[in-house]
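Visitor: The structure is given below, and queries will be raised subsequently.
The values are calculated or read from the model by the stated rules, or taken from the named source; none is laboratory data. Worth saying up front: this structure is predicted, and the values here are computed from it rather than measured. Backbone-built Cβ (ideal geometry, glycine too); neighbour counts: all protein chains shown.
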Amino acid sequence: MISKKRNLNWIGTIGLLLLLAVCAAPIDSAALTAPSATRAASVTSALPATSQPTATIAPTKAIPTQTTSATVLPACTSPAALTLAQTEGPYYKAKSPERTALLEPGMGGTKLIVTGYVLTKDCQPIANAWLDFWQADDHGVYDNAGYRLRGHLFTDETGRFTLATILPGEYPGRTEHIHVKVQAPNGPILTTQLYFPGVAANDRDSIFDPALLADVQDTATGKVATFNFVVQP
């Protein structure tokens with residue numbers, strides 16, 4: 001009996017020593033008290049990094065800038081009246097030089113730009129129409145020996161023409177005027193004259209017709225006279 005009781009005491013002593021050894025081991029208190037979010041972070045930090053999607057703007061096709069040279073035609077009501085024909089006068093010379101400026105060095109007088117369109121009765125512009133101009137100088141004198149203040153030109157693709165010249169003087173018995181012949185390609189020739197508003201001699205000129213008055217505007221360098229011819233194509 002004594003021997004059995006001694007064995008039990010010995011077993012109990014060994015168990016107590018083992019328990020004390022376990023309790024004496026260090027405990028990681030941070031691991032026990034770390035919040036769940038920290039633990040989750042430590043777990044996710046071990047996972048491979050993934051980039052968040054960023055918003056992108058879809059590329060747009062560049063739209064080329066359209067440069068259109070739209071033709072601005074003059075006011076015209078169809079059917080338009082044909083431009084009035086007038087006498088050729090005594091000083092016309094054929095085969096004038098082709099040029100858009102009748103100005104020459106040393107030429108006196110007020111600079112004048114004559115511009116406008118050549119149109120059909122349907123108000124359509126006539127490209128490549130022929131216009132032949134001749135006039136007196138600022139003293140009312142015509143050059144009959146050469147081609148001074150004489151020349152012809154053609155309308156552009158929009159039916160427009162522009163001539164640089166001078167304001168003509170008064171020819172004896174006549175008011176200020178410019179002679180012109182106009183012809184559409186393969187069409188009949190119109191012979192007429194252009195006049196200027198505000199000229200006192202207009203009332204004394206037996207040929208003058210207000211239907212042939214140009215619209216004249218002053219500029220910094222002279223005057224601009226606008227007139228649109230309506231001819232048979």
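Visitor: Under 7 Å between Cβ atoms, which residue pairs at least 6 apart in sequence (or on different chains) link something in region 74-93 that is touching a residue at least 60 places away in the same chain (Cβ under 8 Å) and more than 25 Å from Arg174 (Cβ to Cβ) with a partner that is surrounded by 11 or more Cβ atoms within 10 Å (Cβ to Cβ) and of a type in the set (Phe, Trp, Tyr)?
Guide: So the pair list comes out as Pro74/Tyr117.
Visitor: While we're looking at this one, here's another question. Of the conditions (1) without any contact (Cβ under 8 Å) to a residue 60 or more places away in the chain; (2) assigned to a strand (DSSP E or B); (3) touching a Gly at 6+ places or on another chain (Cβ under 8 Å), His152 fails just one. Which one is it?
Guide: (3)
Visitor: Which count do you get for residues in region 174-204 that are over 16 Å from Thr83 (Cα atoms) and of a type in the set (Ser, Thr, Tyr)?
Guide: Result for region 174-204: 1.
Each row is one residue, and each column tells you yes or no for (1) assigned to a strand (DSSP E or B); (2) in contact (Cβ under 8 Å) with a residue 40 or more places away in the chain.
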position	(1), (2)
Gly116	yes, yes
Asp132	yes, yes
Arg148	no, yes
Asp156	no, no
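Visitor: Among (1) over 27 Å from Leu73 (Cβ atoms); (2) buried (at least 19 other Cβ atoms within 10 Å of the Cβ), which single condition is Pro97 missing?
Guide: All conditions pass for Pro97, except number (2).
Visitor: Take the residues of region 199-233 that are among the small types (Gly, Ala, Ser) and crowded, with 19+ Cβ neighbours inside 10 Å: which is nearest to Thr115 (Cα to Cα)?
Guide: Residue satisfying both the conditions and the ranking: Ala225.
Visitor: Kindly establish whether Phe161 is more than 18 Å from Glu88 (Cβ to Cβ), among the aromatic types (Phe, Trp, Tyr) and either free of Cβ contacts under 8 Å to residues at least 12 places away in the same chain or crowded, with 17+ Cβ neighbours inside 10 Å (or both). Lay out the reasoning, then the answer.
Guide: Details: more than 18 Å from Glu88 (Cβ to Cβ): yes; among the aromatic types (Phe, Trp, Tyr): yes; either free of Cβ contacts under 8 Å to residues at least 12 places away in the same chain or crowded, with 17+ Cβ neighbours inside 10 Å (or both): yes.
Yes; evaluated as a whole, the condition is true for this residue.
Visitor: Something else about it: Could you list, in sequence order, all residues of region 172-198 that are modelled with pLDDT under 95 and buried (at least 19 other Cβ atoms within 10 Å of the Cβ)?
Guide: Hits for region 172-198: nothing passes.
Visitor: A further question follows. Has region 109-126 got at least one residue that is under 32 Å from the mean Cα position of the chain (by Cα), basic (Lys, Arg) and farther than 16 Å from Pro74 by Cβ?
Guide: Restricting attention to region 109-126, the residues satisfying the condition of being under 32 Å from the mean Cα position of the chain (by Cα) are 111-126.
If we keep only those that are basic (Lys, Arg) as well, we get 111, 121.
From what is left, the residues that are farther than 16 Å from Pro74 by Cβ are 111.
Checking region 109-126: at least one residue is under 32 Å from the mean Cα position of the chain (by Cα), basic (Lys, Arg) and farther than 16 Å from Pro74 by Cβ.
Visitor: Another one. Ala136: over 27 Å from Ser78 (Cα atoms) and outside any loop (DSSP other than H, G, I, E, B), yes or no? Give the derivation first.
Guide: Working: over 27 Å from Ser78 (Cα atoms): yes; outside any loop (DSSP other than H, G, I, E, B): no.
Answer is no for this residue.
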